[in-house]
Structures are given as structure tokens and as C-alpha cells.
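Every number here is computed from the coordinates shown, using simple stated rules; none is lab data. Quick caveat, the model's predicted, so the values are computed rather than measured. Backbone-built Cβ (ideal geometry, glycine too); neighbour counts: all protein chains shown.
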């Protein structure tokens, strides 16, 4: 299989590299508060103005209507350049592209893509993290035909400054648990919405708790059909879990190159060298798997249960890389030096939880890909 660029793809890649060289922000993103929101909004809008957002989205919603290969090239080059990641709006946009009404798409997709409106994902709950079907947030029918939402979400990225939330709520408590869930678009400034930032161990404030106390949601903000929320959620997280979609593969390769440079400059114990070797193998396996996943997408496929393999590989690779980085840098990160090394290591520990725990991903692979019986 030839993984080389076509002439058109090579031209696109060179144009993108030139743009990145002139536009990558200096320094890391702030760890919290308005400064963090402003940093990401500025980067999002710069990418949109440059023509790099929504490459495979329909033109009528602000995209460029290109092949998915161009999204992969974008993720690859952004990671290789050490730029901030491309804002993660694609997987939320896919929910509206696949299931939204024409009116919902026209209203929401252009602002989502341009960064003029910020979105968050209201899936996880304190009592139903990776067991999404156990969620208890409820949306009850109101007299005006809409809904009133009651409940709590947690680990909601960017909720503190989001304009809209793609929310999963139980609309039919009598239905089987996978069939009584619906997806709603919720105005984050509506009455009854309370957001509380969560300060993480690495100092970041990306995550939030979100409380809904009778929050009104008009009927025309139901996405898909009543009870279709589980299907919509699975489509959404399939795009969320793929490293080809979010640029993990190239960022890991860049991290590995930095670690190799450090190892060349220091006396490195054999155990740490073996750890680096394992990280190299996992990085290469992930790169090849991303290419295979991309080839399937190019052939007309859409992400499905196979994305759990992507998620498991990327989690293992990220944790190996940052564990090796801590060993290479010795006591420095713990004593206040090399703060970015410690930040990345601490953040990597949560990668086996984010987007569905590794245990859940193993179950999906076992049951849906290998056809093994469900564990009892």
C-alpha cells in the first residue's frame, strides 16, 4: 500500500507547513480561567481564517468538502510542528451532520466550525462515567412541548466558557436503559445551569461539574428522534477516540524525538533505555494503525467499534512516553524544574479514563470485534 502523498496532497501539506511556521502561538496554553479560553478561541479562529477547519465538512456549513485524508494531514502537521492541537469540534459536529435537522445544521455548524460559538459535551456523570447507559440526568416534557432538564454532569471539558452543550438525558425512564436516552442541544446560559470548574492535580482547570435545575430546552433542540441518544453518543465517541482525527500520532512522534535527544546527552540506565525502546515500538505501531484506519475511512467507512483499538493504543503510547520522560529527567520535574514534563506526565495518567476507560474499550473490542460472549 502506498502511503505517499498525491501531488495535490503534497501541495496542501507544503501550504499548511508554511502557514504553521508563521502562525503557531508561542508558549503553552494558560492553565485556567479566562486566559485559557481566550488562548484557545484565538487559535481556533486563526485556523478557521486560514482555511484549515472542517476540511472534510460540507461547503454549505463552512467546510471545504475535501477527502478525510486532508484532515489526517492537518492533524499530522499540527502535531509535528508542536502547535496546539486542532480544536476538538469535529466529533461534536458529526453528531449534527449525521442526525441534526437542516435547521439545526444551518444554525449551529457554522459557529461551531468558526469558533464564534464554543461547545461542550454533556455525557459523563458522577454515577455513570464510562457506563454511559446508566446516566440519570432526566429531561421531562414541559407544558410548552419542550423539556426541563434535571441532573448533573462531570468532567465536562470547556463548560466554563461554552455557549452550547450536546447533552444526553433520559427522556423515557420506562424504556430499556439504552433506549430511553435522547440528545439535546442546551444553551449554557439558560436558567438553571450552574458550572463549577475542577482544579486538577497538574493545575489545569479544563474540566467542570455542570448542574441542571429545571433548565428549559425547546422542542426543536432535540437531536434525532426521542430515544436515539445512545446511537448518537456512539457515533460521537467513535470520532472522539480516533488518533487519526485528533492528531495524537504525530504529537507522540515529536515527543519521542525530544526524549531521544535527551537520552543522547545523558548517561541513561539500561532500564530507561528499554523503556524508551518500548515507547518507540508503541509509537510506530500506533502510526501504522492510524494509516490503516485512515485507509478504511477513505474506502467509505465510518468510525465504529474499531476506534476502541485506536484509543487503547494511543493511551498506552502516551503513558509510556511520559513515564519515560519522568525517568529521563530524574528529580527535576518533582523539584520544580521541567514543569512541562510533570504536567504532561500527570495529564497522561487520565488518558486511560478520558473518552471511556480502558476497561470499557477492552470490553468493546472483545464483544463487538472478536465476538466473545459478554462478561457476567
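Its relative contact order, with pairs defined as Cα atoms under 8 Å and 6+ residues apart, puts the chain at 14 percent.
Residues of region 66-96 with amide nitrogen under 19 Å from the 7 Å Cα-to-Cβ point of residue 59? Taking a point 7 Å out along Cα→Cβ of residue 59, the residues of region 66-96 whose backbone N falls under 19 Å are 66-71.
As an exercise, use a Förster radius of 45 Å and the Cβ-Cβ distance of residue 369 and residue 143 to find the FRET efficiency, rounded to the nearest 0.05.
Numbers: r = 46 Å, r/R0 = 1.03.
E(calc), rounded to 0.05, equals 0.45.
Taking the longest Cα principal axis of the chain as reference, the axis of helix 90-99 is set at about 30 degrees. Taking 25 Å as R0, compute the FRET efficiency from the Cβ-Cβ separation of residue 190 and residue 334 and round it to 0.05. Using R0 = 25 Å, I get an efficiency of 0.05. Across all directions, the average flat footprint of the convex hull enclosing the Cα atoms of the chain is 20.3 nm².
Let me have the relative contact order for region 262-364, percent, based on Cα pairs under 8 Å that are six or more residues apart.
Values: 65 pairs, mean separation 32.4, N = 103.
With pairs under 8 Å counted, the relative contact order is 31 percent.
Of interest is the spacing of the C-alpha centroids, which for region 64-118 and region 322-342 amounts to 34 Å.
Sorting 238, 308 from the fewest to the most surrounding beta carbons within 10 angstrom yields 238, 308.
The order of the peptides 76-87, 333-344 by mean Cβ neighbours within 10 Å, most packed first, is 76-87, 333-344. With R₀ set to 25 Å, the beta-carbon distance separating residue 67 from residue 264 gives a calculated FRET efficiency near 0.05. Helix 229-240 axis versus longest C-alpha principal axis of the chain: approximately 20°, rounded to the nearest ten. Note on residue 175 and residue 8: the model spin-label points, each 7 Å out from Cα along the C-beta direction, lie 4.1 nm apart.
The GNM of the chain, with springs linking C-alpha atoms under 10 angstrom apart, assigns the highest mean-square fluctuation among 224, 151, 65 to 65.
Scattering from region 7-114 was approximated by placing one identical point on each alpha carbon and applying the Debye formula without solvent; log10 I(q)/I(0) at 0.18 1/Å stands at -0.93. Let a ≥ b ≥ c be the square roots of the eigenvalues of the Cα gyration tensor of region 119-227; is it rounded (a/c under 1.5), or, if not, prolate (a/b larger than b/c) or oblate? Oblate.
How do 69, 201, 353, 181 line up, fewest other C-beta atoms within 10 Å first? Don't skip to the answer; put the middle values down first.
Details: 69 20, 201 11, 353 16, 181 25.
Neighbour counts put them in this order, fewest first: 201, 353, 69, 181.
Can you tell which of 62, 146, 356 shows the greatest fluctuation in a Gaussian network model of the chain with Cα springs below 10 Å? Among 62, 146, 356, the largest GNM mean-square fluctuation belongs to 146.
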